[in-house]
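**Q** Handing you this structure, nothing more for now.
Every number here is computed from the coordinates shown, using simple stated rules; none is lab data. Note that the structure is a prediction, hence the values are computed from the model and not measured. Because the Cβ atoms are built from the backbone with ideal geometry, glycine has one as well, and the counts that use them run over all protein chains shown.
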Number of protein chains: 2
Amino acid sequence: MRLAVVGATGEVGRMMLRKLEEESVNAEVLDLYASSRSAGSCLEFQGSKIRVQDLNEDHIKRGYDYALFSAGASISKHYAPIAVSSGTVVIDNSSAFRSFQEIPLVVPQINGHLLENYRGIVANPNCSTIQMVLSLYRIHRRFGLKTIVVSTYQAVSGAGNKGINELTDQEHGSKEYKVFVRQIHRNVVPIIGDILDDGFSTEEMKMVNETRKILDDDSISIWPTTVRVPVMFGHSESVFCETVKPFTIEEIRREIVASDDVHLTEEKITPIEVAGSDTVFVSRLRSFDSHRFTIWNIADNVRVGAATNAVRILKRHAGGAK
Amino acid sequence: MRLAVVGATGEVGRMMLRKLEEESVNAEVLDLYASSRSAGSCLEFQGSKIRVQDLNEDHIKRGYDYALFSAGASISKHYAPIAVSSGTVVIDNSSAFRSFQEIPLVVPQINGHLLENYRGIVANPNCSTIQMVLSLYRIHRRFGLKTIVVSTYQAVSGAGNKGINELTDQEHGSKEYKVFVRQIHRNVVPIIGDILDDGFSTEEMKMVNETRKILDDDSISIWPTTVRVPVMFGHSESVFCETVKPFTIEEIRREIVASDDVHLTEEKITPIEVAGSDTVFVSRLRSFDSHRFTIWNIADNVRVGAATNAVRILKRHAGGAK
């Protein structure tokens, strides 16, 4: 398999390499690309050192089977179509193509069938969306979802190395902020992305639009509030759902337990315990009635919410192509 | 006016003293009580030093006009009725009496009329509840509230000095925790209080029961998730509401603006900016339709959520008694 990773030195890019190793993906060729600032440095993969190359149009046309992109929306917009033109399947972690009707937005456990006989760009969803739909997809299929109210507690690593460094610097006394719109140390910041005219943020609208697209149901009414918290790794979500059909809490429990790569626990579980895992952890399932329930939902945002899902897309596509 | 403060050395107790000063409350007598561990120390009030006394049954029967209690539910249960028996009006910050039908649970801006000609114990509500009902009471009166889904981001000072110290110690490398059920530094903990049989926590059920009691409406369906975050001062809340009657967003805006001690802002506002204020700050008001909206609601939990409300009760009661 001939592979490229674009944005290889970033938080998600490096985790993609680690996931490719963990999954023992057999790469005959593995080319790593980054901005000219990071080009020339070396990253380890399966015991050997690989030099990071400068991304340019000639390089990305080298005819890879798969290119994993995680270098921001503008890089994806420019280079992903070029890669596709040389026959490469692009798995894009940015938001550049997610809303395009003809582009599959894939969480393999839910809608992996979209990858069958597909070639082109595959969009990797937003981190907060992936972990939420993984916990809800079986409930959606069985009972229908009418309304979702979700409030997030998002780790600084969601903003990459820069986010981690900004929190660390502030812990050591820095008062500067530029990655987040306010100080994040000893604080919570209820704005991620830009605020749109109707008052919702771009991050919130990703959760609205991507959840509907992945679950293939535009009738779900989704009310997100996306919030940054001073946590390094692990996004948490307080998720309230109203279903179309009535349920017993035991039925909801069974659907969550049966969901792929989701673990329902009675434990007091927090982001610190979840960091480093490829599983979504659901706790605090509870309800006052037969058509509404609420859960606490945590996953490692860099893994489940980005790199792991991208590599799962790759493996599912590669498996389906066999 | 003859005053006593029980639990004077705690986080809320000390803020009660500061609020009594700020409001220029004229105390002929001000006795401060604490556990024997803190008795003997001195606290400043209006320029003089006051020695903290050991609380006992004889002391609390000295015939105060008002006693402000903030020393935990078990102290209140024992000593508040004794104080009342000697003619004192007790303003109790603990949860000991809040659910008793005959005990008024008061946020003066909302149901201060309950204080007229009342003598006995007045309960000061839970911190998260006070700031939420202050932002919603006018909306409730005009449009009715059918459902509230609230997720909190609660500061460590809500657990008093001990909570502040535990976060500070962990920031300096301690791995121990006993105030919170998990590490709070670089983490969020979705359990406050005890988990009850139905899966809701005691803190969450306070929000359910106290909101209904203060707004005098048991028909409101309330779904809280209460979460501790590594913030020193300032509770934040992501609040979603469904109303009985339809509204325009401009009407909701006007009701919030008209609410006493509530400030609606377009600014990007976070707990750090709100700490030290007696105002509730509402931002991010938004909606997709005509019967549901969502807001971000912040207040200083030690002030608005405890000491300020207690002193407002005192002033309102004292004013009404004139």
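**Q** When a footprinting reagent is the concern and you count Cβ atoms within 10 Å, what order do B:Met16, B:Met1 take, fewest first?
**A** Least to most surrounded, the residues fall as B:Met1, B:Met16.
**Q** Here's another thing I want to ask about it. Using a label point 7 angstrom from Cα along Cα-to-C-beta, what distances in nm, from shortest up, separate A:Ile249 from the other copies?
**A** 3.6
**Q** Residues of the stretch A:21-38 with backbone nitrogen within less than 18 Å of a virtual label 7 Å along the Cα-to-Cβ line of A:Glu44, please, listed as ranges.
**A** A:21-25, A:32
**Q** Another question about this same structure. Treat the count of other C-beta atoms within 10 Å as a stand-in for reagent exposure and order B:His113, B:His235 from fewest to most.
**A** Going from sparsest to densest Cβ surroundings: B:His113, B:His235.
**Q** For a 28 Å ceiling on Cα separation, which of these pairs sit above it: A:Lys245/B:Lys245; A:Lys178/B:Lys162; A:Lys206/B:Lys175; B:Lys19/B:Lys61; A:Lys213/B:Lys268?
**A** Over 28 Å Cα-Cα: A:Lys178/B:Lys162; A:Lys206/B:Lys175; A:Lys213/B:Lys268.
**Q** Antiparallel versus total DSSP beta bridges in the stretch B:128-301: what percent is that, nearest 5?
**A** 70 percent
**Q** If you don't mind, another one. Just checking the output field for B:293-301: average partner chain Cβ neighbours within 10 Å of each residue's Cβ?
**A** Mean partner-chain Cβ count within 10 Å for B:293-301: 2.
**Q** Per the Kirkwood treatment, what hydrodynamic radius in Å, one decimal, follows for the stretch A:106-192 from the mean inverse distance over all distinct Cα pairs?
**A** This gives a value of 16.0 Å.
**Q** Could you give me the radius of gyration and the Dmax of the protein assembly as shown, taking only the C-alpha atoms into account and expressing both in angstrom?
**A** In Å, with Rg to one decimal and Dmax whole: 27.1, 89.
**Q** Pull up all non-local amide H partners of B:Gln53: gap of 5 or more, or a different chain, and H-to-H distance under 5 Å with H placed in the peptide plane.
**A** Correct list: B:Leu32, B:Tyr33, B:Ala34, B:Gly40.
**Q** For A:Asn165 and A:Arg254, compute 0.36 nm times the residue count separating them, minus their Cα-Cα distance, and round to one decimal in nm.
**A** Extra length from A:Asn165 to A:Arg254 when fully extended: 28.0 nm.
**Q** GNM on chain B, C-alpha springs below 10 Å: top fluctuator among B:Leu215, B:Leu196, B:Leu68?
**A** B:Leu196
**Q** Ranked from highest to lowest mean number of other Cβ atoms within 10 Å per residue, what is the order of the peptides A:304-316, B:73-85?
**A** Going by the mean number of other Cβ atoms within 10 Å, highest first, we get A:304-316, B:73-85.
**Q** Note down the Stokes-Einstein diffusion coefficient of the stretch B:1-54 in µm²/s, whole number, using a Kirkwood radius over alpha carbon pairs, 4 °C, and 1.567 mPa s.
**A** 118 µm²/s
**Q** Given only helices, namely DSSP H runs of n ≥ 4 each adding -39500 (n - 2.57), what is the per-residue ellipticity at 222 nm of chain B, to the nearest 500 deg cm²/dmol?
**A** -9500 deg cm²/dmol
**Q** On to the next question. Regarding the stretch A:141-190, what are the three Cα extents along the principal axes, ordered largest first, in Å?
**A** 50, 18, 15
**Q** Here's a follow-up. If I fit a long axis through the Cα atoms of helix B:73-85 and take the longest principal axis of the Cα atoms of chain B, what angle between them do I get, 0 to 90°, rounded to 10?
**A** In chain B, helix B:73-85 runs at an angle near 60 degrees to the longest axis.
**Q** Which of B:Asn301, B:Asn209, B:Asn124 moves most in a GNM of chain B, Cα contacts under 10 Å?
**A** B:Asn209
**Q** At A:His113 and B:Arg2, where each label point lies 7 Å from the Cα along Cα→Cβ, what is the point-to-point distance in nanometres?
**A** Placing both labels 7 Å along Cα→Cβ, they lie 8.0 nm apart.
**Q** Mean projection of the alpha-carbon convex hull of the stretch B:223-284 over all orientations, in nm²?
**A** Approximately 5.3 nm², given one-decimal rounding.
**Q** Considering chain B as a Gaussian network with a 10 Å cut-off on Cα pairs, which listed residue, B:Val189, B:Val149, B:Val181, attains the greatest mean-square fluctuation?
**A** Looking only at B:Val189, B:Val149, B:Val181, the largest GNM fluctuation is found for B:Val181.
**Q** If you rank B:Asp194, A:Asp58 by fewest surrounding Cβ atoms within 10 Å, what's the result?
**A** A:Asp58, B:Asp194
**Q** Per residue of B:197-203, count partner chain C-beta atoms within 10 Å of its C-beta, then hand back the mean as an integer.
**A** Going residue by residue through B:197-203 and averaging, the value is 3.
**Q** Suppose we flag GluC sites (Glu not before Pro) only when DSSP calls them loop and at most 16 other Cβ atoms lie within 10 Å. Which is the longest uninterrupted stretch of chain A?
**A** In chain A, the maximal stretch lacking such sites is A:177-265.
**Q** Summarise the partner chain shielding of B:174-182 as one whole number: the mean count of Cβ atoms from other chains within 10 Å of each residue's Cβ.
**A** Other-chain Cβ atoms within 10 Å of each residue's Cβ, averaged: 1.
**Q** Also, I was wondering about something else. Just to be sure I understand: if I project the alpha-carbon convex hull of the stretch B:128-301 onto a plane and average over all orientations, what area do I get in nm²?
**A** That works out to 10.2 nm², a quarter of the Cα hull's surface.
**Q** Separate question: With only alpha-carbon atoms counted, please give the Rg and Dmax of chain B, in Å.
**A** So, for chain B, Rg and Dmax equal 19.4, 60 Å respectively.
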